[in-house]
Amino acid sequence: MSAVTAVPAADNAAALAHFTARLAFETDVSDVAADLADKAEGVVVIDSRSLESWNQGHIEGAIHLPTREIAARAEGLVPREATVVVYCWGPGCNGGTKAALEFARLGYRVKEMIGGFEYWAREGFPVETASGVARRSIDPLTAPVSGVACAC
């Protein structure tokens with residue numbers, strides 16, 4: 001018996017609904033990097049981590065807004081018409097999900113950046129600290145080391 005087919009794949013209509021919904025709620029680091037590089041209008045990136053985490057490194061151009069401060073401060077920092085992209089540490093952290101929930105409660109359109117800051121840094125995108133902006137070596141388990149996008 002196949003481990004893959006032990007539970008049959010969903011029918012086409014259910015698959016379409018599921019995968020479309022996932023893309024409505026999530027984006028990835030490559031798509032965020034492309035939008036930031038293109039200066040795409042209407043996208044605001046929010047780092048929901050602590051100040052200590054932010055100081056350790058963050059996405060250049062992101063706004064620092066810890067989850068516990070979103071309800072009180074979002075209105076003054078984030079335009080209502082924006083699509084908000086939130087991130088936290090990485091796949092082992094649900095902080096981005098909690099931040100996305102806070103923005104949704106306030107009526108914002110929001111997506112969570114899957115992979116979080118971990119995958120941003122591992123894929124070699126620019127990381128900003130008090131010392132400036134630097135790129136780390138690309139982890140070959142997360143992205144092509146050539147620097148060319150995976151085109152997925």
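The portion of the accessible surface of the chain made up by carbon and sulfur, rounded to a whole percent, is 58 (1.4 Å probe; DNA, RNA and ligands excluded).
Going by average Cβ neighbours within 10 Å, how do the peptides 127-137, 58-68 rank, with the highest at the top?
58-68, 127-137
Values [x] 27, 22, 14; [y] 25, 17, 15; [z] 24, 18, 12 are given for comparison; semi-axes √(5λ) of the Cα gyration tensor in Å, derived from the coordinates here, is the one labelled [x].
For the chain, the antiparallel share of DSSP beta bridges with both residues in that region comes to about 25%. Once each part is reduced to its C-alpha centroid, what is the distance from region 34-98 to region 9-29 in angstrom? Here the two parts' Cα centres lie 24 Å apart.
Peptide packing: for 32-43, 111-122, 91-102, the average count of neighbouring Cβ atoms within 10 Å per residue gives the ranking 111-122, 91-102, 32-43, highest mean first. The mean sequence separation of alpha-carbon pairs under 8 Å and at least six residues apart, normalised by the residue count of the chain, gives a relative contact order of 22 percent. Under the criterion of Cα pairs below 8 Å and six or more residues apart, the relative contact order for region 82-121 equals 52 percent.
The values are calculated or read from the model by the stated rules, or taken from the named source; none is laboratory data. It should be emphasised that the depicted structure is a prediction, and the values quoted were computed from it without experimental measurement. Note that each Cβ is placed from the backbone with ideal geometry, even for glycine, and that neighbours are counted across all protein chains shown. Calculation scope for accessible area: heavy atoms of the full protein, side chains included, ligands and nucleic acids excluded. Shrake-Rupley method; radii C 1.70, N 1.55, O 1.52, S 1.80 Å.
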